[in-house]
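Notes follow once the structure below has been shown.
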Amino acid sequence: MLLVRWIHVLSAITWIGGMLFIALVVVPVARRLDDPALKRRLIQQLGMRFRTVSWIALVLLVLTGLLNLWAHPFLLTSPRFLWKLGLVIWSLMLSALHDFVVGPRAGAPDAADAARLRASWIARINMVVAIVIVLLGLSLVG
């Protein structure tokens with residue numbers, strides 16, 4: 001089970017770390033670029049690459065989470081676990097909405113500023129949800 005927990009934690013680090021890197025490093029640097037086409041391409045290409053990495057991490061998180069639950073079924077009686085599970089489902093929906101619907105529209109060359117703003121806010125909300133998921137997960141370890 002140590003291997004399963006290790007993969008679970010490593011996947012969470014990859015997913016949340018990537019979101020934080022994009023929000024705290026990539027976007028501020030891209031905003032300073034003078035060329036709007038370059039800015040859009042940079043964000044779009046980094047987003048596409050991260051989408052692949054993040055969905056691999058998310059699949060691993062779900063699989064290892066199910067394995068952890070199988071090993072510790074008593075977690076189903078914990079309100080904190082049930083909150084975590086609800087937020088995981090919400091985060092998966094936000095990720096899918098951002099990565100496959102709103103994000104691609106925002107990355108289009110003729111995208112309105114409102115579309116970019118919408119994608120940005122969905123990503124921010126999802127990042128906060130992910131951080132709360134980690135907090136709830138840590139509260140279950142003891």
Item to complete: For helix 2-21, report the angle its Cα long axis makes with the longest principal axis of the Cα atoms of the chain; keep it between 0 and 90° and round to the nearest 10°.
Response: 20
Practice prompt. Send over a whole-number figure in Å² for the accessible area per residue of the chain, probe 1.4 Å.
Written response: 65
Item to complete: Collect residues whose amide H, placed 1.01 Å from N in the peptide plane, falls under 5 Å from the amide H of Leu33; neighbours closer than 5 in sequence don't count.
Response: none
Worksheet item: If each of Trp83 and Leu97 carries a label point 7 Å out from its Cα toward its Cβ, how far apart are those two points in nm?
Response: 2.1
Response to the item:
Whole-Hz Karplus couplings 3J(HN,Hα) for the range 104-117, θ = phi - 60° and coefficients 6.51, -1.76, 1.60, Gly and Pro as x, run x, 5, 5, x, 5, x, 9, 5, 6, 4, 4, 5, 5, 5
Fill in: Inter-label distance, nm, simple model (7 Å from Cα along the C-beta direction), Val134/Ile56
2.0
Practice prompt. Find the eigenvalues of the gyration tensor of the Cα atoms of the range 74-118, then list the square roots of 5 times those eigenvalues as equivalent ellipsoid semi-axes, largest first, in whole angstrom.
Written response: 34, 8, 4
Item to complete: Summarise the accessible area of the chain (1.4 Å probe, protein heavy atoms) by the percent that is carbon and sulfur.
Response: 75
Discussion item. Taking 0.36 nm per residue of sequence separation and subtracting the Cα-Cα distance, how much length would be gained by fully extending the chain between Leu46 and Trp121, in nm to one decimal?
Written reply: 25.2 nm
Discussion item. Compute the angle between helix 36-71 and the longest alpha-carbon principal axis of the chain, please, reported from 0 to 90 degrees and rounded to the nearest 10.
Written reply: 10
Worksheet item: To the nearest 500 deg cm²/dmol, what mean residue ellipticity at 222 nm is calculated for the chain from DSSP H runs of n ≥ 4 alone, each contributing -39,500 (n - 2.57), summed and divided by the residues?
Response: -27000 deg cm²/dmol
Item to complete: Give, in nm to one decimal, the length gained when the segment between Ala114 and Leu63 is fully stretched (0.36 nm per residue of separation minus the Cα-Cα distance).
Response: 14.8 nm
Practice prompt. Quick one: angle between helix 79-97 and the longest Cα principal axis of the chain, in degrees between 0 and 90, rounded to 10, please.
Written response: 30
Practice prompt. Against the globular-protein guess of 2.2 N^0.38 Å, express the Cα radius of gyration of the range 59-140 as a ratio, rounded to two decimals.
Written response: 1.34
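The values are calculated or read from the model by the stated rules, or taken from the named source; none is laboratory data. All values reported here derive from a predicted model rather than from experimental measurement. For neighbour counting, all protein chains shown are included, and Cβ atoms are generated from backbone atoms with ideal geometry for every residue, glycine included. For the accessible areas, the whole protein counts, side chains as well, though only heavy atoms, and no ligand, DNA or RNA atoms are used. Shrake-Rupley method; radii C 1.70, N 1.55, O 1.52, S 1.80 Å.
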